[in-house]
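A short worksheet on the structure shown next.
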């Protein structure tokens, strides 16, 4: 899965 | 930030504060599952480690500190300060049956096989089932104090609102995080039977009692 590792949600 | 995510976060904050005040004011944690509260403390700890490394916004950092602080304060009150009122006999859910599969799944299915990312994924999966010990305890005692049902309602509502937030972000920002969405949907589904009882009973002024 394409990386989405900047989590801006609580 | 959108209205669904903001109201979702506020609903989550409300739930945490309601529980904290309920235990503090009544000086009792009767009917509260300590195991669920420990799981929530683990969820926040594993998810908010980036507090030290990544700054997103003042709002984001403040809320993370508040969530972690309240979670540990709640666990402290249940297991230390008011432990005499802790109903261990009914809080008998085997949490290892949650933590182990969730841990395995987080290692198998994640966005990036890195330490922080696996912890974040573990936290997302764990949060979706963390309320099970509490719901199990209510099914065993056959009832719940009204303030506890308000706590559960706000807690369930928060992730339901997040689902609308994810729809909003997909539509307006083209952003979506499948792991968070799937876990969030599962989490919300687990509350459905409680939501039904809450709307049909508590909102009509009755006490929430399950057919034992």
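Numerical summary
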read-out	value
Options B:100, B:199, B:182; residue that is surrounded by fewer than 21 Cβ atoms within 10 Å (Cβ to Cβ) and either within 28 Å of residue B:88 (Cβ to Cβ) or touching a residue at least 60 places away in the same chain (Cβ under 8 Å) (or both)	B:100
Options B:136, B:153: the member that is over 17 Å from residue B:47 (Cβ atoms) and buried (at least 19 other Cβ atoms within 10 Å of the Cβ)	B:153
Considering residues of the stretch B:202-212 that are touching a strand residue (DSSP E or B) at 6+ places or on another chain (Cβ under 9 Å) and part of a loop (DSSP other than H, G, I, E, B) only, the residue surrounded by the fewest Cβ atoms within 10 Å (Cβ to Cβ)	B:212
Check on residue B:2, crowded, with 17+ Cβ neighbours inside 10 Å, more than 17 Å from the chain's Cα centre (by Cα) and more than 25 Å from residue B:95 (Cβ to Cβ)	no
Selection count where residues are within 14 Å of chain A (Cβ to nearest Cβ) and part of a helix (DSSP H, G or I), scope the stretch B:168-186	11
Flag for residue B:88 being out of contact with any helix residue (DSSP H, G or I) (no Cβ under 9 Å at 6 or more places or on another chain), at pLDDT 95 or above and either more than 14 Å from chain A (Cβ to nearest Cβ) or in a helix (DSSP H, G or I) (or both)	no
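Residue-wise test of (1) in a helix (DSSP H, G or I); (2) farther than 22 Å from residue B:156 by Cα; (3) at pLDDT 95 or above.
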{"site": "B:54", "(1), (2), (3)": "no, yes, no"}
{"site": "B:60", "(1), (2), (3)": "yes, no, yes"}
{"site": "B:67", "(1), (2), (3)": "yes, no, yes"}
{"site": "B:104", "(1), (2), (3)": "yes, yes, yes"}
{"site": "B:110", "(1), (2), (3)": "no, yes, yes"}
{"site": "B:121", "(1), (2), (3)": "yes, no, yes"}
{"site": "B:128", "(1), (2), (3)": "yes, no, yes"}
{"site": "B:134", "(1), (2), (3)": "yes, no, yes"}
{"site": "B:138", "(1), (2), (3)": "yes, no, yes"}
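The values are calculated or read from the model by the stated rules, or taken from the named source; none is laboratory data. All of these numbers come straight from a predicted model, not from anything done at the bench. As a convention, Cβ positions derive from the backbone with ideal geometry for all residues, glycine included, and neighbour counts pool all protein chains shown.
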